[in-house]
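I have placed the structure first, in the form of structure tokens, so that the comments after it can refer back to it.
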Amino acid sequence: MIVSLSFLAAELTAEDGVLSALEIPPIYVVEVTAPDQLALITLLDAGFNVGSVYELTATLYLDEFEYGEIASLGYPVLLVEVQPCSDQVDKADAYRTPGDIETLFAAYQQDYPGLCRMSTLGKSVNGIDIWAIKITSNPGVPADKPAVKYISTMHGDEPVGTELCLYFADELLTGYGTDSYITDFLDRTVIWLVPIMNPDGFVISMRRNAHNIDLNRSFPAYPSDFSTTWFDGEPLGEGNREPEIAHIMRWSAENHCALSLNYHTGALIVNYPFDNIPGISSGTEAPTPDDAMFQYISLQYSTLNTPMYTGGNYPQGIVNGSYWYSITGGMMDWNYRFMGCPEVTIELSYIKKPSPTLLPQYWAENRDAMYAYAETAHIGVRGLTRDRNTDVPVWSKVLLAGNPQPVFSDADFGNYHKLVLAGTYDISFHAESYISYYMDNIVVNSGPAARVDVGMSDGDINVDGLRNSVDIQLAVDAVLGRTIAYDADVDGRGLSATDIQAVINSVQL
Ligand SMILES: [Zn+2]
């Protein structure tokens, strides 16, 4: 008898869990030990669904055919479990469920209306809501505060991060107004928590979603699905994606965040982008243009988690994603490359689903690291990009000289944030129909972000038929034979259209 999964989703019992196992083809979770590093790299890049790697042993998620293939390699293969695994449904009950989270967040919203807002990002394949909570002082008012998002359990059998999000929410809400640090923290920071991104996988203790898709391999991938960014005109493309991914994409586009992390289990490590640069194999670094920053924010997390720092998969508990093992279609690379939001992937425990009695211990090990990570959203350079005449927010692209990866301002509020380490930077701002704005020698210290607010000048002038701000700038540069020092303008807000016209007129004379 075929039972509809959407029917099962409404009220899942242990018995239903058994039936749903019939619906989804089995996934074999195996540990394969390669004889040497070269064989391991070949195995990691062979196209199997890799869950984690420890020394020469890879954890793989295989379908029936692949499971047969693996044996032919002749390497030691240990079958860990077969998913979905009905015998784990009872264990899942001890972790809080999507239903528990809905009840909890509703209570929080009622008890702390001045501190949080709950929302659903949308529904899973089986119709279960993906709950989110936004926690900050005055959550209903758009504010010039860095926002940090914590997304857990995109792999349904990795629920530790779910509980960390819930511990975190509880402490933030109960601590505001009584704990001076938490009060200050929420007055200057926005925290977004998505405790379970893959609720269907969670309820049947399965890595993938109810379409049997690994959600961390199915985000748009560079360069096959996009080659630039959303700002630069690439479509968001959420309509063609798994529903859980589509919801995260749309929500990410609607809610500007300065920083992000996603939680997993199966290893003990912070891994940072890139997970993939085409042509670079597993076991080789694929650094981003912001590699130093990523190492810094990763260490801010790992140094405060003693088991991770001292006993993680790699020294100091951090590793470049590709160096560990390369994946395509991961959320981390998409968030950073496409949305301009730095994200790391954090593995919390070698045991994928530890006994719930250990959860207080995991919270104790991760609590300070969670705050420290959020604090890194306050470094770098940030500010507002608005129209100098109307003060309307301007959706802009912000670039540091020598670094090709942009960040983008929030279209509705105009705030932007580029996380960088201390140094001196040349920064530029670009927006459709506005004259590009250049600021040189911005000094960034190691503490709170340097503040650079920009009044953008619209490019609505007509000089020899030039209306595009880039064209105007190129024309002026060509006439003067150099780049104009826009930041030298007397009012410090960049050149106005009148200024540009005056420059061109003077040179033409
Ligand atoms: Zn995972």
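The values are calculated or read from the model by the stated rules, or taken from the named source; none is laboratory data. None of the values given here were measured: they were computed from a predicted structure. When we count neighbours, we look across all protein chains shown, and the Cβ atoms used for this are built from the backbone with ideal geometry, even at glycine.
Observations
- Taking the conditions (1) in a loop (DSSP other than H, G, I, E, B); (2) under 20 Å from Thr265 (Cα atoms) in turn, Gly161 satisfies each one other than (1).
- Of the criteria (1) surrounded by fewer than 16 Cβ atoms within 10 Å (Cβ to Cβ); (2) touching a strand residue (DSSP E or B) at 6+ places or on another chain (Cβ under 7 Å), which one Ser446 fails: (2)
- Of all residues in the stretch 123-165 being among the small types (Gly, Ala, Ser) and closer than 19 Å to Pro113 by Cα, the one that is nearest to the ligand (Cβ to nearest atom): Ala132
- Qualifying residue in the stretch 247-257 (condition: within 16 Å of the ligand (Cβ to nearest atom), at pLDDT 95 or above, under 12 Å from the mean Cα position of the chain (by Cα) and surrounded by 22 or more Cβ atoms within 10 Å (Cβ to Cβ)): yes
- Test for Gly201: is it free of Cβ contacts under 8 Å to residues at least 60 places away in the same chain and either within 20 Å of the chain's Cα centre (by Cα) or within 16 Å of the ligand (Cβ to nearest atom) (or both): yes
- Selection within the stretch 198-211 - assigned to a loop (DSSP other than H, G, I, E, B) and more than 16 Å from Glu81 (Cβ to Cβ): Asn198, Asn209, Ala210, His211
- Residue within the stretch 99-117 that is within 16 Å of the ligand (Cβ to nearest atom) and not assigned by TED's automatic domain parsing to the domain that holds Leu348 present: no
- Qualifying residue in the stretch 58-75 (condition: touching a strand residue (DSSP E or B) at 6+ places or on another chain (Cβ under 7 Å), in the same structural domain as Ile269 (by TED's automatic domain parsing) and not in a strand (DSSP E or B)): no
- Qualifying positions in the stretch 36-57 - small (Gly, Ala, Ser) and in a helix (DSSP H, G or I): Ala39
- Sole residue being within 20 Å of the chain's Cα centre (by Cα), within 30 Å of Tyr438 (Cα to Cα) and either assigned by TED's automatic domain parsing to the domain that holds Thr284 or more than 16 Å from the ligand (Cβ to nearest atom) (or both), chosen from Val319, Val381: Val381
- Annotation: of all residues in the stretch 331-365 being within 16 Å of the ligand (Cβ to nearest atom) and polar (S, T, N, Q), the one that is surrounded by the fewest Cβ atoms within 10 Å (Cβ to Cβ) is Ser349.
- Some residue of the stretch 264-272 being aliphatic (A, V, I, L, M) and away from the ligand (no atom under 16 Å from the Cβ): no
- Exactly one residue among His430, His417 is touching a Gly at 6+ places or on another chain (Cβ under 8 Å) and not assigned by TED's automatic domain parsing to the domain that holds Phe231, and that residue is His417.
- Of all positions in the stretch 424-436, at least one carries a residue that is surrounded by 22 or more Cβ atoms within 10 Å (Cβ to Cβ), touching a residue at least 60 places away in the same chain (Cβ under 8 Å) and not in a helix (DSSP H, G or I).
- Residue within the stretch 91-113 that is part of a strand (DSSP E or B) and more than 22 Å from Ile24 (Cβ to Cβ) present: no
- Test for Ser180: is it in the same structural domain as His256 (by TED's automatic domain parsing), more than 19 Å from the chain's Cα centre (by Cα), more than 15 Å from Glu244 (Cβ to Cβ) and within 16 Å of the ligand (Cβ to nearest atom): no
- Some residue of the stretch 327-339 being under 16 Å from Ala258 (Cα atoms) and in contact with a Cys (Cβ under 9 Å, 6 or more places away or on another chain): yes
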